[in-house]
1. The conditions are (1) open to solvent by less than 80 Å² (accessible area, probe 1.4 Å); (2) modelled with pLDDT of 95 or more; (3) of a type outside the set (Asp, Glu); (4) assigned to a helix (DSSP H, G or I), and Arg36 fails exactly one of them. Which is it?
2. Kindly provide the set of residues from the stretch 1-33 that are in a helix (DSSP H, G or I) and hydroxyl-bearing (Ser, Thr, Tyr), ordered by number.
3. Assess whether Leu55 counts as being open to solvent by less than 100 Å² (accessible area, probe 1.4 Å), at pLDDT below 95, in a helix (DSSP H, G or I) and of a type in the set (A, V, I, L, M, F, W, C).
4. Just give me the residues in the stretch 92-106 being modelled with pLDDT under 80 and surrounded by fewer than 10 Cβ atoms within 10 Å (Cβ to Cβ), in sequence order.
5. Within the stretch 60-68, can one find any residue that is under 18 Å from the mean Cα position of the chain (by Cα), part of a loop (DSSP other than H, G, I, E, B), in contact (Cβ under 8 Å) with a residue 12 or more places away in the chain and closer than 30 Å to Leu99 by Cα?
6. For Thr89, state whether it is loosely packed, with under 10 Cβ neighbours inside 10 Å and in a helix (DSSP H, G or I).
Amino acid sequence: MEFLLNNLKLNRIKEVYKDWIEKASKEGMSYGDFLRGLLQEEVIFREERGIRRRLRMAGFPYEKTIEQFDFRFRPELQRQVFLNYLENTFISQGRTLSLIGPPDLTT
């Protein structure tokens, strides 16, 4: 089994398939649900790995999330207005947002 997973480069599935077999057995999972779960694990793993790779390639001096941003530091950025730009509808409409200015180097 692991030879096949290696050949197909299904690295995450190779790590978790035994746990999924046990889970499927305990929960009486259908074949479709079992396969869907394994494939979702692989897709999420690849997406996260791609994000990490792109962040590394971007050469940012440090990584911050929106949750870590202190809106008190920049009161002109109204928190709720800014968070609206992060909603799925903004992204699915293909809209863009450019943030211009120096990074916060206080942390």
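1. The failed condition is (1).
2. Pass one, the stretch 1-33, residues in a helix (DSSP H, G or I): 2-7, 11-27, 31-33.
Of everything in the stretch 1-33, those that are in a helix (DSSP H, G or I) and hydroxyl-bearing (Ser, Thr, Tyr) turn out to be Tyr17, Ser25, Tyr31.
3. Working: open to solvent by less than 100 Å² (accessible area, probe 1.4 Å): yes; at pLDDT below 95: yes; in a helix (DSSP H, G or I): yes; of a type in the set (A, V, I, L, M, F, W, C): yes.
Judged against the criteria, Leu55 is a match.
4. Once the filter is applied, which keeps residues that are modelled with pLDDT under 80 and surrounded by fewer than 10 Cβ atoms within 10 Å (Cβ to Cβ), the stretch 92-106 yields Leu97, Ser98, Leu99, Ile100, Gly101, Pro102, Leu105, Thr106.
5. Checked the stretch 60-68: at least one residue is under 18 Å from the mean Cα position of the chain (by Cα), part of a loop (DSSP other than H, G, I, E, B), in contact (Cβ under 8 Å) with a residue 12 or more places away in the chain and closer than 30 Å to Leu99 by Cα.
6. Working: loosely packed, with under 10 Cβ neighbours inside 10 Å: yes; in a helix (DSSP H, G or I): yes.
Yes.
The values are calculated or read from the model by the stated rules, or taken from the named source; none is laboratory data. If you're wondering where the values come from, they're calculated on a predicted model, not measured in any experiment. So basically every Cβ, Gly included, is an ideal-geometry build from the backbone, and we count neighbours across all protein chains shown. Note: accessible area is taken over every heavy atom of the protein model, side chains too, but ligands, DNA and RNA are not part of it. Shrake-Rupley method; radii C 1.70, N 1.55, O 1.52, S 1.80 Å.
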